[in-house]
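Below: the structure, in structure tokens.
The values are calculated or read from the model by the stated rules, or taken from the named source; none is laboratory data. Just so we're clear, the structure is a prediction, and the values are computed from it rather than from any experiment. When we count neighbours, we look across all protein chains shown, and the Cβ atoms used for this are built from the backbone with ideal geometry, even at glycine.
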Amino acid sequence: MSEPIASSPSSGPVLFTAFEPSGDDHAAPVIAELLRRRPGLKVYAWGGPKMERAGAILVERTGDDAVMGMPGLAKIREHKLINQRIGAWMDEHKPSLHVPVDSPGANFPICKLAKARGCRVVHLVAPQIWAWATWRIRKLRRLTDHVLCLLPFEEEWFKSRGVEATFIGHPLFEDPLDEGALDERIADWPEGSPRIALMPGSRPAEMRKNFPLLIGAYRRLEREHDAIAGVVAATRPEVETELRRLGAPWPETLRIETGKTDEVIRWCELALVVSGTVTLQIAKQRRPMVIVYKFNRLISLPLRLVVKTRLFSLPNLIAGRKIVPELIPHFGTAEPIAGEAITLLEDACAADDQRRDLARVTDRFAGRRASEIAADRIELFLPDRESVIEAPRSQNRAASVSS
């Protein structure tokens, strides 16, 4: 790890833009690492509370009402106004580097604003254009100087298409879990069996679409298992009321825990989960899972025309085959979700096979500290990079593992 380096007074600020809670998660440790190395660096953000706690100067709060898929007209108008404010901010503050975090639909117009002002652009979290609308690679070539990839297969995919990229790993796998501490925190949690976790996601729209399905599947399991116990993992306190409304009538055997995702995963025997980054958290603890994501039928046909991948969930994409049941896109009832759960609960071999496959997936992230490697690459694009006398050890490690 390198020693802190004071930025030269001539350095322009760095601007991070993130529009989802997951973007807040990804950006925060990178911001903290950059500021640890360069205490004089000014980092501004359109982002969330974690980015602010990491040391970014928050210009505007974003991400509380993020959407996945096709945004509505109101959301499009909102982002147009945001882009106008960001353009005005850029004219005043003249950033030297823009770091867009995920959300390509929201971030591509901002990258265009940055490039028009001579600002360099380093994407943190690769846009998933390998999955759908692959023609956007031409736009990405114009609007980026480097892409920092969280998934193992992405680096080669982008490089083979003329976009410089680095696989940095994933922040979820930087540090091992303190299993003893987790066990202490769940010591008084329900002891029933099977123990089922419901993971409804963090976006309001996806919770409204998917949580009734998860609850429906849980009720089916409850009818078959008298000793069942369940815990819903809520990401924020303000969503608990909405979850209870969506799940009414609320099962007596089901409780909600907020901000305790790792504890919920540690406690459970099986997770019913809405597709997203949380599937990697579950994989890290080797818990069997069933993954679901409900789509609107009206947009399913256009999506099928542009989607280029036969798999959707992160564990399956990284494995390169279906190791976890995924109902994506899902248009039906809760019954198929319950059916997949029953198979895993009743077939010990199927559950064990999934655990072994999840271990192979997570092993691909071993030895990489994503925030350090990301900071190494970002530093190469700062105006005073020539003041760095000795390359950080994590940069050398990243070069060796990429070769």
Residue check, residue 156 within 23 Å of residue 279 (Cβ to Cβ) and free of Cβ contacts under 8 Å to residues at least 24 places away in the same chain
yes
Test each condition in (1) of a type outside the set (S, T, N, Q); (2) modelled with pLDDT under 70; (3) under 26 Å from residue 118 (Cβ atoms) for residue 390 and report the one that comes out false.
(3)
I'd like the residue in region 31-61 that is free of Cβ contacts under 8 Å to residues at least 40 places away in the same chain and in a strand (DSSP E or B) and, out of all such residues, is nearest to residue 384 (Cα to Cα).
43
Filter result for residue 306 (farther than 26 Å from residue 172 by Cβ and modelled with pLDDT under 95):
yes
Within region 106-165, restricting attention to residues that are among the acidic types (Asp, Glu) and in contact with a strand residue (DSSP E or B) (Cβ under 6 Å, 6 or more places away or on another chain), which residue is nearest to residue 313 (Cα to Cα)?
155
Filtering region 24-38 down to residues that are within 17 Å of residue 97 (Cβ to Cβ) and in contact with a strand residue (DSSP E or B) (Cβ under 7 Å, 6 or more places away or on another chain), which residue is modelled with the lowest pLDDT?
26
Lone unmet requirement of (1) in contact with a His (Cβ under 8 Å, 6 or more places away or on another chain); (2) farther than 22 Å from residue 30 by Cβ for residue 119:
(2)
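Yes/no per residue for (1) farther than 19 Å from residue 327 by Cβ; (2) surrounded by 23 or more Cβ atoms within 10 Å (Cβ to Cβ); (3) free of Cβ contacts under 8 Å to residues at least 60 places away in the same chain; (4) out of contact with any strand residue (DSSP E or B) (no Cβ under 7 Å at 6 or more places or on another chain):
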site	(1), (2), (3), (4)
197	no, yes, no, no
203	no, yes, no, yes
227	yes, no, yes, yes
237	yes, no, yes, no
246	no, no, yes, yes
255	yes, no, no, no
258	yes, no, yes, no
262	yes, no, no, yes
266	yes, no, no, yes
Sort out for me the strands (runs of 3 or more DSSP E) sitting completely within region 179-297 that have 3 or more residues that are within 20 Å of residue 339 (Cβ to Cβ) and not assigned by TED's automatic domain parsing to the domain that holds residue 62.
195-199, 270-274, 289-294
Residue match in region 146-154 (condition: modelled with pLDDT of 95 or more, crowded, with 20+ Cβ neighbours inside 10 Å and closer than 29 Å to residue 258 by Cα):
yes
Residue selected from region 308-354 under the condition charged (D, E, K, R) and either over 22 Å from residue 222 (Cα atoms) or surrounded by 16 or more Cβ atoms within 10 Å (Cβ to Cβ) (or both), by the criterion nearest to the chain's Cα centre (by Cα)
326
For the subset of region 90-112 comprising residues that are within 21 Å of residue 41 (Cβ to Cβ) and without any contact (Cβ under 8 Å) to a residue 60 or more places away in the chain, which member is surrounded by the most Cβ atoms within 10 Å (Cβ to Cβ)?
111
Going through region 167-195 in order, the residues found to be surrounded by fewer than 23 Cβ atoms within 10 Å (Cβ to Cβ) and touching a Cys at 6+ places or on another chain (Cβ under 8 Å) are 195
Could you count how many residues in region 156-209 are more than 20 Å from the chain's Cα centre (by Cα) and charged (D, E, K, R)?
12
Subset of region 358-374 [over 13 Å from residue 151 (Cα atoms) and surrounded by fewer than 20 Cβ atoms within 10 Å (Cβ to Cβ)]
359, 360, 367
